[in-house]
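One structure is given below, encoded as structure tokens.
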Amino acid sequence: MTVTFRRALGGDLPAIVALLSDDRLGAAREAASAAGYAHAFARIDADPNQLLIVAEDGGQVIGTLQLTFTQGLSRGGAIRGQIEAVRIASHMRGQGIGQRMIEWAVATCRTRGCAMVQLTTDKTRVDAHRFYDRLGFEQSHLGYKMIL
């Protein structure tokens, strides 16, 4: 297995959406139209502070994540890297691909001058919590969302 990480291309969109839908939570919320995903992809791809990546093995997309770089005023004007939408194909989990992908994302954040990397994960994803703890992330905040 030779996994590589690269910027997502428009042709990757169906595979990315399939990955986002490939669990209990995603299956319930990933019901937008193809046009909605295409519009979002175009906006993400055009934004220099957004990076949507895929993990690829043998030409097949097997993972994805999105990095957002946010300039802030707090912490002396620090840039934060936000990791979101981390997914590995269910048949490829447990092989270290997720760890390599997160390490790649953290290294990319360092290259971009980020002072910290942060992420959120659904409170019901207990396995994901253990995964992020093992990689050195700390639960430091209580998060809130308001669905609009």
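The values are calculated or read from the model by the stated rules, or taken from the named source; none is laboratory data. Bear in mind the structure is a predicted one, so any value in this text is a computation, not a measurement. With ideal geometry, Cβ positions are generated from the backbone for all residues, glycine too; neighbour counts draw on all protein chains shown.
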Inset, instruction - Output the residues belonging to the stretch 62-83 that are part of a strand (DSSP E or B) and exposed (fewer than 12 other Cβ atoms within 10 Å of the Cβ). - result: 71
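Can you spot a residue in the stretch 71-81 that is within 14 Å of the chain's Cα centre (by Cα) and modelled with pLDDT of 95 or more? Even if it seems obvious, please write down each step before you answer.
We begin by selecting, within the stretch 71-81, every residue within 14 Å of the chain's Cα centre (by Cα); these are 81.
If we keep only those that are modelled with pLDDT of 95 or more too, we end up with 81.
Looking through the stretch 71-81, at least one residue is within 14 Å of the chain's Cα centre (by Cα) and modelled with pLDDT of 95 or more.
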Legend entry - Search result, residues across the stretch 92-148 that are touching a Ser or Thr at 6+ places or on another chain (Cβ under 8 Å), surrounded by 13 or more Cβ atoms within 10 Å (Cβ to Cβ) and small (Gly, Ala, Ser): 128
Inset, instruction - Could you give me the residue pairs with C-beta distances under 7 Å whose first residue belongs to the stretch 125-148 and is within 20 Å of residue 103 (Cα to Cα), whose second residue is of a type outside the set (D, E, K, R) wherever it lies, and which are 6+ apart or on separate chains? - result: 128/121; 129/121; 131/98; 132/119; 132/121; 135/99; 135/102; 137/119
Inset, instruction - Could you check residue 122 against (1) of a type outside the set (Val, Ile, Thr); (2) in a helix (DSSP H, G or I); (3) in contact (Cβ under 8 Å) with a residue 24 or more places away in the chain and say which number it fails? - result: (2)
